[in-house]
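Notes to accompany the following structure.
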Amino acid sequence: AVDAALSHAGINVDQVAGVSAHGTGTRYNDAMELTAFRRLFGGRTVPTHSLKGAIGHTLGAAGGIEAALAAPILQNRCLPPTAGLSVPEEGGQGRVSAEPQALQKGCLLSTNSGFGGINAALLFSEEAP
């Protein structure tokens, strides 16, 4: 889903400044997402957060809420903290934080997973690529 979103938008992975992850806080989901992010970004550490620790899992509304918050995140160049985070999953160290994280100029990647293997990825930018 992420590769398709990047291709469709004509955006290079190096232009992704931050990630709003599905991040349910479950071992399997978080490990799967972190594996995907490591494959996507290679050795580059991209600031990552999840809203679910702050607002809970809103099921089908999760992606819409993340989309609504993308504009202020990009405008302020600040990724919100991941509420309730104490010890990141393996591979999340240096990516996920319980503190706000500064973002460089670029796009915000939002990932969401649904039941039955349905996945979605959206890219948000302050300006057209």
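The values are calculated or read from the model by the stated rules, or taken from the named source; none is laboratory data. Treat the numbers as computed from the prediction; the structure is a model and nothing was measured. Neighbour counts are summed over all protein chains in view; Cβ atoms, including those assigned to glycine, are modelled from backbone coordinates with ideal geometry. All accessible areas refer to the heavy atoms of the entire protein, side chains included, with ligands and DNA or RNA removed. Shrake-Rupley method; radii C 1.70, N 1.55, O 1.52, S 1.80 Å.
A few points about this structure:
Okay, residues lined up against (1) under 23 Å from A5 (Cα atoms); (2) under 14 Å from the mean Cα position of the chain (by Cα):
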| position | (1), (2) |
| --- | --- |
| L40 | yes, yes |
| P47 | yes, yes |
| H57 | no, no |
| L69 | yes, yes |
| P72 | yes, no |
| G117 | yes, no |
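- Test: A21 is at pLDDT 90 or above, within 17 Å of E89 (Cβ to Cβ) and touching an Asp or Glu at 6+ places or on another chain (Cβ under 8 Å): yes
- Against the test of being out of contact with any strand residue (DSSP E or B) (no Cβ under 9 Å at 6 or more places or on another chain), of a type outside the set (A, V, I, L, M) and not in a helix (DSSP H, G or I), the options E126, E90 yield a single qualifying residue, E90.
- D30 being modelled with pLDDT under 90 and closer than 18 Å to N119 by Cβ: yes
- Scanning the stretch 25-68 for residues that are open to solvent by less than 50 Å² (accessible area, probe 1.4 Å), outside any helix (DSSP H, G or I) and touching a residue at least 12 places away in the same chain (Cβ under 8 Å) turns up V46, P47, T48, H49, S50, L51.
- Tallying residues that are in contact with a Leu (Cβ under 7 Å, 6 or more places away or on another chain), in contact (Cβ under 8 Å) with a residue 60 or more places away in the chain and either among the small types (G, A, S) or farther than 22 Å from G60 by Cα (or both) within the stretch 7-24 yields 6.
- Taking the stretch 84-119 as the range and being open to solvent by less than 50 Å² (accessible area, probe 1.4 Å) and more than 21 Å from T45 (Cβ to Cβ) as the test, the residues that pass are N112, S113, G114.
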